Amino acid sequence: MKSLNNEIESAKELLRRVYHEKEDLEVDYKWRLKVMRHIRNIGPINTAPDYITFFEQFLWRLAPAACFLIIVLAVLLLEFDFTPEYEVFTSLINGIELVNLEQLLGL
């Protein structure tokens, strides 16, 4: 983004300098036609933002909602006394999943 701003500023500075020196320049009609033809051949400037810019805007819009959900889930877990006494969590804590994995793989 900075390089684009630097290019714009340098173009503005060049145009200012040319504008102030226009009285000293002598150009004929053919030169003007060539310049205008060249400008028309260049075409319009691509002003569509890239995908990173779209992702950045989406990320900053999503961040407050994600933080809110994290806070709500943390409060709910503390409120309902979340402990690993449930069967799924005890199997993971006690290392039973290794035995089950060995039985599944036939080792």
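The values are calculated or read from the model by the stated rules, or taken from the named source; none is laboratory data. Predicted model only: the values in this text are computed from it and were never measured. For neighbour counting, all protein chains shown are included, and Cβ atoms are generated from backbone atoms with ideal geometry for every residue, glycine included.
Could you run through region 72-95 and say how many residues are modelled with pLDDT of 75 or more and either loosely packed, with under 10 Cβ neighbours inside 10 Å or touching a strand residue (DSSP E or B) at 6+ places or on another chain (Cβ under 9 Å) (or both)? Spell out how you get there, then give the answer.
Here is the first cut: in region 72-95, the residues modelled with pLDDT of 75 or more are 72-80.
Okay, now just the ones that are also either loosely packed, with under 10 Cβ neighbours inside 10 Å or touching a strand residue (DSSP E or B) at 6+ places or on another chain (Cβ under 9 Å) (or both), so 78-80.
Looking only at that region, the number is 3.
How many residues are of a type in the set (Asp, Glu) and assigned to a helix (DSSP H, G or I) if we restrict to region 48-62? Give the derivation first.
Let us first name the residues in region 48-62 that are of a type in the set (Asp, Glu), namely 50, 56.
Restricting the remaining residues to those that are assigned to a helix (DSSP H, G or I) gives 56.
Total meeting the criteria: 1.
Hey, can you tell me all the residues within region 21-47 that are assigned to a loop (DSSP other than H, G, I, E, B) and either under 28 Å from the mean Cα position of the chain (by Cα) or at pLDDT 90 or above (or both)?
Of everything in region 21-47, those that are assigned to a loop (DSSP other than H, G, I, E, B) and either under 28 Å from the mean Cα position of the chain (by Cα) or at pLDDT 90 or above (or both) turn out to be 43, 44, 45, 46, 47.
Might you let me know whether region 5-20 holds any residue that is small (Gly, Ala, Ser), under 37 Å from the mean Cα position of the chain (by Cα) and at pLDDT below 85?
Step one: of region 5-20, the residues small (Gly, Ala, Ser) are 10-11.
The next check asks that each one be under 37 Å from the mean Cα position of the chain (by Cα); those that pass are 10-11.
Checking the rest, the ones that are also at pLDDT below 85 come to none.
Checking region 5-20: not a single residue is small (Gly, Ala, Ser), under 37 Å from the mean Cα position of the chain (by Cα) and at pLDDT below 85.
Here is a check on your reading of the model: is residue 68 at pLDDT below 75 and hydrophobic (A, V, I, L, M, F, W, C)?
Numbers: at pLDDT below 75: no; hydrophobic (A, V, I, L, M, F, W, C): yes.
Judged against the criteria, residue 68 is not a match.
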- Go through region 50-65 and give me each residue that's surrounded by 10 or more Cβ atoms within 10 Å (Cβ to Cβ) and either closer than 18 Å to residue 4 by Cα or not polar (S, T, N, Q) (or both). 53, 54, 55, 56, 58, 59, 62, 63
